[in-house]
Amino acid sequence: MKYVIETINLTKKFNNKVAVDNVNLHVEKGDIYGFIGRNGAGKTTSMRLILGTLIPTSGEILLFGKKDLNNQRRRIGSLIEAPGIYKNCTAFENMKRFSILAGGDDKQIKELLEFVGLGNTGTKKAGQFSLGMKQRLGIAIALLGNPELLVLDEPINGLDPAGIKEIRDLILKLNQEKGVTFIISSHLLDELGKIATRYGIIHAGQLVEEISARDLQERCKTCLNIITKETKKAQEVLLKNDWLHHYKIDGDKISLYSDIEHPEKINEALVKAGIPVEELSFSGNGFEDYFIERLGK
Amino acid sequence: MRQLLRFEFRKLFKSKAFYVCFAISVAFILITALTMKALEPELKKLDENYQSVYSGLTMLKDVFSNGQIAILGGIMIAILVCEDFGSDTLKNVYARGYSRQNVFYAKVVAVLTAYLMMLFADMVLSLLFGTFMFDGFGTAGNNYVGAFFGILFISLAYFVIFFAISYLCRKLSLAITLCIVGPIAMNLLLSLGDTLVSKLGDFKFSDYWLDGRMKQMVQADVGGGQIAGAIIVSVIVIAGFACLVSLINRHRDI
């Protein structure tokens, strides 16, 4: 089994609107897969399809390399959108109920509640919890039964900085010590950047790119800026030479994010075409700029 | 399936709504019995030869004919069924690999158990109140046992309708409204239909619906044909609604 999650041309339509369009997702065992996209890009829908709360319009899903999805889903913990909890019950009762389905005894329930900081909530009903506390309870429920894969949709929503750090440490601990695989969506790219080992970028229902954190770092490290008054002509030259893959144009500046290993060749081609290059320089780039560039395409 | 049943029954026995509806249904029976008892002296004043028609057996049947228990049952079913939709907890269940059909069947078993518990408790209490507060246990008329089974089938048919409405609506307020208004609206429509066709002969639309059949079942003497008719109508309603909700559920997103 190479992939813990593999989707093949996964598609979901709501009436005539395509929410997920032929997505081929690949999550390897041990990955912390950061799933990134704008609001409405199809992240949550993809996750819900994987978890079986939505039925795909077409395409295939393989979990742990197998097609018997319901059996494989027993190995998955999840937190999708707002946590699903019984508001008129205590945190312990919520955990107790879901432990019947997911596994886990009273000892594990107490440990998990302690871990997420809800060990002292006593008889307080979940409906009276703050947003952050509800989120913590949702995470504790997802962790019941020691799942091998965790699907988390915006898991740090509503958490304070200390809570965010605790969850980040927990994710890293589970990943490194127990080999738990994660697929996490988050708008907080910096937070995701601290833990993700691989990224999937989704836009308008389509998976734009899957990239490892190492590759991403390489790409973000440098970006080649070409400043010229004739950006249109320069674009044509770059395109002709197959250098125009990942790029951004801002006024007189063309920023290239890939195929920039030989800037001297780029310069030579531009000069030969009679394009006055005012400046050719490398600059560093953040995750955010890279994602915006990829999502903007 | 075993885990799903344990899950559903834990929820059921921890549910306040279940106990509240249970208590209200018992209170309904007690109030009905006390009201009838309080009316007895007045009736005797009006008619010296008045003899109580009430007994354990008559009260047992009457309790189910006035519709209060059915409506209360509808409310209880709506609360129990819609809880998981309202709190968005069903996604946790599906996401752990439990199939839509198994989740559905487990819920049917748990909610049906709650409904039957309420029904049988009400039956026993109405029998006891009727026996000790009025004219003893009473004597069973023709086909009393058959009529009793007819009532049970009709009650089960109501259960299936209320369950289907709640499962398809998902929203508690809408489900409760439909469970209360639905049967009333249906009866009004049937009465209108009966009035319109009354000149054509003995045909009555209400004979083909549960309420009309329930009225027949609580009469003093019930014919064998009427009992068979009640059971057939109930079975058709049960099969129809069960198939409908089961089919829709199979392909439904949450």
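Please name whichever of A:PHE35, A:ILE61, A:GLN72 sits farthest to the positive end of the charge dipole of the stretch A:1-100, dipole taken about the Cα centre and charges placed at Cβ: Lys and Arg +1, Asp and Glu -1. Value: A:GLN72.
Normalised by 2.2 N^0.38 Å, with N the number of residues, the alpha-carbon radius of gyration of the stretch A:1-155 equals 1.11.
Summing Lys and Arg as +1 and Asp and Glu as -1 over all other residues whose Cβ lies under 14 Å from the Cβ of A:ILE226 gives a net charge of -3. Placing +1 on the Cβ of every Lys and Arg and -1 on the Cβ of every Asp and Glu, with nothing else charged, gives the stretch A:1-147 a dipole about its Cα centre of roughly 340 debye. Total buried accessible area between B and A, probe 1.4 Å, nearest 100: 2500 Å². Contact order for the stretch A:222-275, expressed relative to its length and based on alpha carbon pairs under 8 Å spaced 6+ residues apart, stands at 43 percent.
Taken over chain B, the percentage of Cα pairs per 5 Å bin, counting from 0 up to the bin with the maximum distance, is 1, 6, 12, 15, 16, 15, 13, 10, 6, 3, 2, 1, 0, 0. Here is how the number arises for the protein assembly as shown: DSSP H runs of 4 or more residues each give -39500 (n - 2.57), the sum is divided by the residue count, and the result at 222 nm is -18500 deg cm²/dmol. Taking Lys and Arg as +1 and Asp and Glu as -1, the other residues whose beta-carbon sits under 15 Å from that of B:SER155 total 0. Simple rule: put +1 on each Lys or Arg Cβ and -1 on each Asp or Glu Cβ in the stretch A:102-225, find the dipole, and look at A:LEU118, A:PRO147, A:SER186; the Cα lying farthest toward the positive end is A:LEU118. If only the Cβ of Lys and Arg carry +1 and only the Cβ of Asp and Glu carry -1, the dipole of the stretch B:2-251 around its Cα centre is close to 1340 debye. When the alpha-carbon atoms of the stretch B:80-184 are used, the pair Rg, Dmax equals 18.1, 57 angstrom.
Normalising the average separation of contacting C-alpha pairs (under 8 angstrom, six or more residues apart) by the number of residues puts the relative contact order of chain A at 20 percent. Taking the Cβ-Cβ separation of A:LYS67 and A:GLN128 as r and a Förster radius of 60 Å, what is the calculated FRET efficiency to the nearest 0.05? FRET efficiency, A:LYS67 to A:GLN128: 0.90.
What the pair-distance distribution of the protein assembly as shown shows, using all Cα-Cα distances binned every 10 Å from zero, is 3, 14, 19, 18, 14, 11, 9, 5, 3, 2, 1, 0, 0 percent. By the rule of a C-alpha distance below 20 Å, with chain neighbours fewer than 8 residues away ignored, the aspartates and glutamates paired with B:LYS215 are B:ASP62, B:ASP122, B:ASP194, B:ASP202, B:ASP207. Taking the DSSP beta bridges in the protein assembly as shown as the whole, what percent of them are antiparallel, to the nearest 5? Given both bridge residues lie in the protein assembly as shown, the antiparallel proportion sits at roughly 65 percent. Considering only alpha-carbon pairs that sit under 8 angstrom and 6 or more positions apart, the relative contact order computed for the stretch B:2-251 is 27 percent. Using the Cβ-Cβ distance between B:VAL181 and A:LYS87 with R0 set to 30 Å, the FRET efficiency works out to roughly 0.65. Can you give the local net charge around B:ILE29? Use residues other than it whose beta-carbon is closer than 12 angstrom to its beta-carbon, Lys and Arg +1, Asp and Glu -1. With Lys, Arg at +1 and Asp, Glu at -1, the net is -2.
The Cα center of the stretch B:122-145 and the Cα center of the stretch A:93-152 differ in position by 50 Å. Give me the percent of accessible area attributable to carbon and sulfur for chain A, probe 1.4 angstrom. The value for chain A is 48 percent carbon and sulfur by accessible area.
The average projected area of the stretch B:131-230, computed from the convex hull of its Cα atoms over all directions, is 8.7 nm². Cross-linked pairs A:LYS124/A:LYS165; A:LYS2/A:LYS240; A:LYS12/B:LYS91; A:LYS67/A:LYS165; A:LYS165/B:LYS11: Cα-Cα separations exceed 28 Å for A:LYS2/A:LYS240; A:LYS67/A:LYS165; A:LYS165/B:LYS11.
For A:ILE55 and A:GLU230, the FRET efficiency from 1/(1 + (r/R0)^6), where r spans their Cβ atoms and R0 equals 45 Å, is about 0.30.
Per Stokes-Einstein, at 20 °C and 1.002 mPa s, what whole-number D in µm² s⁻¹ belongs to chain A, with the Kirkwood radius over Cα pairs as the hydrodynamic radius? Result for D is 101 µm²/s.
For the stretch B:105-254, the per residue solvent-accessible surface stands at 50 Å², with DNA, RNA and ligands left out and a 1.4 Å probe.
Across the stretch A:181-297, the convex hull enclosing all Cα atoms gives 109 Å³ per residue. Using a probe radius of 1.4 angstrom, the carbon and sulfur fraction of the accessible surface of the stretch B:179-240 is 71%.
The values are calculated or read from the model by the stated rules, or taken from the named source; none is laboratory data. All figures in this text were calculated on a predicted structure; none of them were measured in a lab. Counting neighbours? That spans all protein chains shown, and the Cβs are built from the backbone with ideal geometry, glycine included. All accessible areas refer to the heavy atoms of the entire protein, side chains included, with ligands and DNA or RNA removed. Shrake-Rupley method; radii C 1.70, N 1.55, O 1.52, S 1.80 Å.
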